[in-house]
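Everything on this sheet refers to the single structure shown next.
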Amino acid sequence: RLQLQVRPAGGALLIRPAILPRGVQLDLTEAQQQQIATLRKDYSDARRELTQNREFSAQDRRDQMRDLSNDLQEGIKAVYTPEQRAKLDEAQKQAAKRREEMQKLRIVLSDEQKAKMKKLSTKRMDAYKEARELPQEERQATYKKAAEEYRKGYDKLLTEEQKEKQKKLRELQGNRPN
């Protein structure tokens, strides 16, 4: 999911992960990495300058920030070879498809379930607040216990259909823990 890319920071070159869609490796050449590093440095400098310039209204600053971000993305895409662009486009299509599937599996709670969820959440937050004053080991144990109680309560209030949707959703997400 992460691909390391070189990027300058304060004159020194640093390795910085670039977040790409799942499993995509663009295998950038050294020259491409340097070009992208230059683009990012220019973007960072322009953004810093824009942030410090108080002559613009907040809206104008936001608009120019968005334009800078779009220019950076276009510049980076221009560095890629046609094969890399095709690989990235395909990965983005797959990611959009996954998001669409995940949206279909979204669990919709009834008003009664929402009320119970609110109580569960409040109980968990209260336990977290109380635990703040405890020594670290006890605090972590309390946090873990509160989280487990919340998870059990949540699982109890779901219908079988909702549990099935949740199972499918977790599979799409790569079985991530909550």
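The values are calculated or read from the model by the stated rules, or taken from the named source; none is laboratory data. All values derive from a computational prediction rather than experimental measurement. Positions of Cβ are backbone-derived with ideal geometry, glycine not excepted, and every protein chain shown enters the neighbour counts. In case anyone asks, the SASA skips ligands and DNA or RNA and just uses the protein heavy atoms, side chains included. Shrake-Rupley method; radii C 1.70, N 1.55, O 1.52, S 1.80 Å.
Kindly establish whether GLY153 is among the small types (Gly, Ala, Ser) and farther than 30 Å from ARG48 by Cα. In short, yes. Residues that are of a type outside the set (A, V, I, L, M) and open to solvent by less than 80 Å² (accessible area, probe 1.4 Å) within the range 117-127 comprise SER121, THR122, ARG124, ASP126, listed in sequence order. Of all residues in the range 45-68 being out of contact with any Ser or Thr (no Cβ under 8 Å at 6 or more places or on another chain) and among the basic types (Lys, Arg), which is surrounded by the fewest Cβ atoms within 10 Å (Cβ to Cβ)? Here the answer is ARG54. On the stretch given as the range 55-105, residues that are not charged (D, E, K, R) and not in a helix (DSSP H, G or I) total 5. Residue count for the range 128-164, restricted to those that are more than 25 Å from ARG106 (Cα to Cα), charged (D, E, K, R) and open to solvent by 70 Å² or more (accessible area, probe 1.4 Å): 8.
Quick check on ASP71: is it open to solvent by 90 Å² or more (accessible area, probe 1.4 Å), at pLDDT 90 or above and not hydrophobic (A, V, I, L, M, F, W, C)? So ASP71 fits the description; yes. Across the range 51-69, the qualifying residues are those that are among the hydroxyl-bearing types (Ser, Thr, Tyr) and within 23 Å of ILE36 (Cα to Cα), and the one among them that is farthest from the chain's Cα centre (by Cα) is THR51.
Each row is one residue, and each column tells you yes or no for (1) touching a helix residue (DSSP H, G or I) at 6+ places or on another chain (Cβ under 8 Å); (2) touching a residue at least 24 places away in the same chain (Cβ under 8 Å).
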| residue | (1), (2) |
| --- | --- |
| ASN70 | no, no |
| VAL79 | yes, yes |
| ALA91 | no, yes |
| GLN94 | no, yes |
| ILE107 | yes, yes |
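Looking only at the range 102-116, residues that are loosely packed, with under 13 Cβ neighbours inside 10 Å and either of a type outside the set (Gly, Ala, Ser) or at positive phi (or both) come to 7 in all.
If the condition is being over 27 Å from the mean Cα position of the chain (by Cα), assigned to a helix (DSSP H, G or I) and of a type in the set (D, E, K, R), then the range 127-174 contributes GLU130, GLU137, GLU138, ARG139, LYS156, GLU160, GLU161.
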